[in-house]
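The values are calculated or read from the model by the stated rules, or taken from the named source; none is laboratory data. Just so it is clear, the model here is predicted, and its values are computed rather than measured. Virtual Cβ from ideal backbone geometry, glycine too; neighbours counted across all protein chains shown. Side chains included, ligands, DNA and RNA excluded: accessible areas come from the protein's heavy atoms. Shrake-Rupley method; radii C 1.70, N 1.55, O 1.52, S 1.80 Å.
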Amino acid sequence: MPSTNQITLNAPLDMHLHLRDGEMLENIAKESARTFSAAIVMPNLVPPVSTKEEVTAYKTRIMNAVGSETFTPYMTLFFKPGYDKAFLASVKDDITAIKLYPAGITTNSEGGVSGFDVEELRPALDAMAELDIPLCVHGETNGFVMDREAEFVSIYEKLASAFPKLKIIMEHITTKASVDALDRFENLYATITIHHLLITLDDVAGGMLQPHLFCKPIAKRPEDREALLKMALAGHPKVMFGSDSAPHPKHAKEACGCAAGVFTAPIALQLLTELFEKNSAPLENLQAFVSGNAQKIYTIKVPQKTVILEKKAFHVPADYKGVVPMYAGETLAYSIKEVRHG
Ligand code: DOR
Ligand code: ZN
């Protein structure tokens with residue numbers, strides 16, 4: 001992307017987003033809905049979203065919080081091995097994907113999967129493949145924190161070969177090991193966050209500890225970030241932008257025992273534009289990364305929305321209703337100039 005004063009993005013999509021519930025949902029949903037056309041909404045509420053009633057009621061609460069913005073929440077269920085084909089068929093039209101969490105691996109994931117026994121998972125995963133419901137996976141073991149994702153690659157491989165018709169999305173990948181796995185299996189895809197394209201563990205813990213950059217999976221090594229960047233900047237067809245924007249109240253982040261999650265929803269498109277420009281990557285690759293690839297992978301039709309960004313300083317607020325964003329108080333190179341609906 002040559003240095004430019006203005007760029008236009010069509011129908012930006014956030015393929016991994018935490019919108020929470022209650023007051024937090026009311027406070028932050030518009031920060032995504034203002035600039036994104038649609039988003040895959042994570043189900044890790046308390047209790048997790050796992051029934052047809054819960055998913056439809058949650059969607060209604062999201063639509064109410066979003067108000068008049070043009071924005072489609074693509075809903076997900078929290079994966080349980082007990083889901084059977086009749087249940088999945090009954091809920092298929094209410095959801096876009098199902099999210100699998102290893103038990104206890106991150107915020108509100110206690111009810112997730114332990115052990116990855118293919119035969120135990122077979123009924124649910126065969127049914128999902130047949131019904132064409134993608135499986136989104138938080139791929140971390142409970143090993144050493146820097147090795148968790150790389151250790152999980154063998155589980156991805158086991159699932160990808162046991163269920164070749166199932167679309168498996170490796171969520172928020174952070175390692176070269178995951179990038180390398182993408183090419184080995186036709187049915188593996190991935191989302192990448194903006195923070196993992198920008199930071200390494202050094203930014204989190206190399207100097208004074210930065211709680212607002214602490215997330216799961218933790219940011220990794222420079223060579224990992226390079227591998228992610230290469231995929232994103234190339235607009236590689238198997239990777240999609242998913243912010244994993246995960247708001248927590250300031251007191252839960254600036255605490256002894258800091259909650260995991262980076263809040264990027266209001267600055268994601270500005271940061272992506274700056275990143276692609278800085279690396280001289282073509283605008284069409286950014287468009288593919290933030291929308292086109294996801295439309296093809298998920299075979300979704302998206303609401304039209306045109307976002308115009310201009311090269312003009314944007315001062316990131318100290319907080320959005322009590323939630324501190326990434327780069328709070330700092331200045332970004334691009335601002336949102338205009339959003340056109342339809
Ligand atoms: O950092 C994270 N925060 N990673 C996750 O996987 C979950 C998320 C959250 O819900 O707070
Ligand atoms: Zn997440």
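Summary table below
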{"quantity": "Accessible area of the chain belonging to carbon and sulfur atoms, whole % at 1.4 Å probe", "calculated": "52 percent"}
{"quantity": "Tensor-based shape of the chain (alpha-carbon gyration tensor, a/c under 1.5 rounded, otherwise prolate or oblate)", "calculated": "rounded"}
{"quantity": "Alpha-carbon centroids, region 193-256 and region 174-191: separation in whole Å", "calculated": "17 Å"}
{"quantity": "Estimated [θ] at 222 nm from DSSP helical runs (n ≥ 4, -39500 (n - 2.57)) normalised by residues in the chain, nearest 500", "calculated": "-10000 deg cm²/dmol"}
{"quantity": "Dipole of the chain, positive direction: furthest Cα of I28, T175, V239, with charges on the beta-carbon", "calculated": "I28"}
{"quantity": "Three-way shape label, region 64-107, alpha-carbon gyration tensor, a/c 1.5", "calculated": "oblate"}
{"quantity": "Accessible-area order (highest first, 1.4 angstrom probe) of the listed residues M63, M15", "calculated": "M63, M15"}
{"quantity": "Full-stretch length increase - A205, D21 - with 0.36 nm per residue and alpha-carbon distance subtracted", "calculated": "63.2 nm"}
{"quantity": "Dipole moment magnitude, nearest 20 debye, region 224-332 about Cα centre, only Lys, Arg, Asp, Glu C-beta charged", "calculated": "300 debye"}
{"quantity": "Out-of-range pairs (alpha-carbon distance over 27 Å; input K92/K238; K301/K337; K220/K301; K176/K311; K167/K311; K92/K230)", "calculated": "K220/K301; K176/K311; K167/K311; K92/K230"}
{"quantity": "Along principal axes, Cα extents of region 192-342, largest first, whole Å", "calculated": "43, 33, 28"}
{"quantity": "Loop-located chymotrypsin sites (Phe, Trp or Tyr not before Pro) in region 64-158, at most 11 other Cβ atoms within 10 Å (DSSP)", "calculated": "F144"}
{"quantity": "Only Lys, Arg (+1) and Asp, Glu (-1) charged, at Cβ; region 246-306 dipole about Cα centre in debye", "calculated": "220 debye"}
{"quantity": "For A38, distant residues with modelled amide H under 5 Å away", "calculated": "D14, T72"}
{"quantity": "Among T191, A124, I218 the positive-end extreme of the charge dipole of region 111-229 (Cβ point charges)", "calculated": "I218"}
{"quantity": "Cα-based shape type of region 54-127, given that a ≥ b ≥ c are square roots of the gyration tensor eigenvalues and the cut on a/c is 1.5", "calculated": "oblate"}
{"quantity": "Candidates per trypsin sites (Lys or Arg not before Pro) in region 225-318, loop by DSSP, up to 12 other Cβ within 10 Å", "calculated": "K301"}
{"quantity": "Antiparallel bridge percentage (DSSP; both residues within the chain; nearest 5)", "calculated": "40 percent"}
{"quantity": "Solvent-accessible heavy-atom area per residue, rounded to whole Å², over region 70-197 at 1.4 Å", "calculated": "36 Å²"}
{"quantity": "Percent RCO, i.e. relative contact order, over region 17-264, from Cα pairs under 8 Å lying at least 6 residues apart", "calculated": "15 percent"}
{"quantity": "Karplus 3J(HN,Hα) series, Hz, for region 249-258 with 6.51 cos²θ - 1.76 cosθ + 1.60 (x for Gly, Pro)", "calculated": "x, 3, 5, 7, 8, 8, 9, 7, x, 7"}
{"quantity": "Distant-in-sequence amide H partners of S245 (H built 1.01 Å from N, under 5 Å)", "calculated": "H18, T264"}
{"quantity": "Sequence of M42, M24 from largest to smallest accessible area, 1.4 Å probe", "calculated": "M24, M42"}
{"quantity": "From phi via Karplus (6.51, -1.76, 1.60), per-residue ³J(HN,Hα) for region 279-291 in Hz, x at Gly/Pro", "calculated": "9, 6, 8, x, 4, 5, 6, 5, 4, 5, 5, 8, 7"}
{"quantity": "Integer Hz, Karplus 6.51/-1.76/1.60 couplings in order for region 294-311, x for Gly and Pro", "calculated": "5, 4, 6, 5, 8, 6, 10, 9, 10, x, 6, 7, 10, 10, 9, 10, 10, 7"}
{"quantity": "Rh (Kirkwood; distinct C-alpha pairs) - region 175-237, Å", "calculated": "12.4 Å"}
{"quantity": "Formal net charge of residues neighbouring P222 (Cβ-Cβ distance under 11 Å; K, R +1; D, E -1)", "calculated": "-1"}
{"quantity": "Cα centroid separation - region 78-102 against region 276-342, whole Å", "calculated": "30 Å"}
